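Read the structure below first, then the notes.
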Amino acid sequence: MTAQRTPVNFAAFETGTVVPAGSTTSAHMATWQVAYTIPGIRDWIMWQSR
């Protein structure tokens, strides 16, 4: 997204790639745990507080 200089900040995860099978964790909560490990997303989040 940064390289393409897009004004839209959106990322989607494929179904079944975030919440492990048998987990009781909600997909919404599990998504953030994964997203924070992706440098580009983490950097974007941090830029919002500057």
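Tabulated values for the structure
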quantity: Mean ellipticity per residue at 222 nm, deg cm²/dmol - from DSSP H runs of n ≥ 4 across the chain, formula -39500 (n - 2.57); calculated: -10000 deg cm²/dmol
quantity: For the chain, the longest site-free run once chymotrypsin sites (Phe, Trp or Tyr not before Pro) in DSSP loop states with at most 15 other Cβ atoms within 10 Å are removed; calculated: 14-35
quantity: Solvent-accessible heavy-atom area per residue, rounded to whole Å², over the chain at 1.4 Å; calculated: 88 Å²
quantity: Sulfur and carbon atoms: percent of accessible area, the chain [1.4 Å]; calculated: 59 percent
quantity: Projected area averaged over orientations for the chain, convex hull of C-alpha atoms, nm²; calculated: 4.2 nm²
quantity: Chain lengthening between THR37 and ALA11 when straightened (0.36 nm per residue, less Cα-Cα); calculated: 8.1 nm
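The values are calculated or read from the model by the stated rules, or taken from the named source; none is laboratory data. These numbers come from a predicted model, not from an experiment. Heads up, the Cβs are rebuilt from the backbone with ideal geometry, glycines too, and the neighbour counts pull from every protein chain shown. To get the accessible areas, we keep the full protein, side chains included, count just its heavy atoms, and leave off ligands, DNA and RNA. Shrake-Rupley method; radii C 1.70, N 1.55, O 1.52, S 1.80 Å.
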